[in-house]
Amino acid sequence: RFTEFEATALLHRALDLGVNFFVTADVDAEGAGEELLAKAFRSQREEISIAVKVGYDFYHAHARLHSSGKPSVQFTPEYVRFAVDKVLQRLKCERIDLLQLHDVTLEAIQHQELQGALAALKQAGKIRHHGIALGPGSGWLEETKVAVHREEPTVIEHLHHLLEPANGLAITAEAYREEVGKGGSGRGAKGPG
């Protein structure tokens, strides 16, 4: 485990080497990642881009009762606005460069009021872009198809590593091909064309 001093030094070294995109999830260490980024890059905020995942409700005691040991996911417009405001407080800044819905559900992707809330957050300057992060708690193909069809998210993130080898590129390509086959533009797909 790193001390705060060591973690800050590591972040500064990364920036010195050209890494300027940092990703955190608010549920990881209950916001400590955002607080660390705020301390490390207090005077360099314009030099970096920050992506934050929200959706796991660790703020409310009742949400901690999920059977997996993780907090329950929450994608209501009210909760997403609340979570964004909390993240901005921890980051000590006015905007999130990329907001991702963490392990988002199909129902949330299809929820018109949530899409409206994301558009309002963007209009207010609280987020620059928004996307979805699909993970073990959510599906893959149907969620990607709906997201590609809506052309809404800037980013569709799939896990791809040894423990969870779902091939995100292949899934996104299949969703894109299916959308184009239906006569859609498929502009939402950030993958092969």
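The values are calculated or read from the model by the stated rules, or taken from the named source; none is laboratory data. Predicted, not measured: the structure shown is a model, and the values here were computed from it. Please note: Cβ atoms are built from the backbone with ideal geometry, for glycine as well, and neighbour counts cover all protein chains shown.
Kindly indicate whether Asp16 is of a type outside the set (Ser, Thr, Tyr), surrounded by fewer than 14 Cβ atoms within 10 Å (Cβ to Cβ) and more than 13 Å from Leu91 (Cβ to Cβ). Talk me through it step by step, then tell me what you get.
Working: of a type outside the set (Ser, Thr, Tyr): yes; surrounded by fewer than 14 Cβ atoms within 10 Å (Cβ to Cβ): yes; more than 13 Å from Leu91 (Cβ to Cβ): yes.
The answer is yes for Asp16.
For residues that are part of a helix (DSSP H, G or I) and in contact with a strand residue (DSSP E or B) (Cβ under 6 Å, 6 or more places away or on another chain), scanning just the stretch 145-170, find the one that is modelled with the highest pLDDT.
Initial filter on the stretch 145-170 (part of a helix (DSSP H, G or I)): 145-150, 168-170.
Those left that are additionally in contact with a strand residue (DSSP E or B) (Cβ under 6 Å, 6 or more places away or on another chain): 147, 168.
On the way: Ala147: 79, Gly168: 63.
Within the stretch 145-170, the match that is modelled with the highest pLDDT is Ala147.
Taking the stated definitions as given, is Phe58 of a type in the set (Phe, Trp, Tyr) and at pLDDT 95 or above? Steps first, please.
Details: of a type in the set (Phe, Trp, Tyr): yes; at pLDDT 95 or above: no.
For Phe58, the condition - of a type in the set (Phe, Trp, Tyr) and at pLDDT 95 or above - is not met.
For Ala119, indicate whether it is over 21 Å from Val148 (Cα atoms) and among the small types (Gly, Ala, Ser). Before the answer, list the steps.
On the way: over 21 Å from Val148 (Cα atoms): no; among the small types (Gly, Ala, Ser): yes.
Judged against the criteria, Ala119 is not a match.
Considering only residues of the stretch 1-58 that are within 21 Å of Tyr79 (Cβ to Cβ) and charged (D, E, K, R), which is nearest to the chain's Cα centre (by Cα)?
So in the stretch 1-58, the residues within 21 Å of Tyr79 (Cβ to Cβ) come out as 23-35, 50-58.
Next, only the ones that are charged (D, E, K, R) stay: 26, 28, 30, 34-35, 53, 57.
Working: Asp26: 10, Asp28: 13, Glu30: 15, Glu34: 13, Glu35: 17, Lys53: 3, Asp57: 14 Å.
Here the answer is Lys53.
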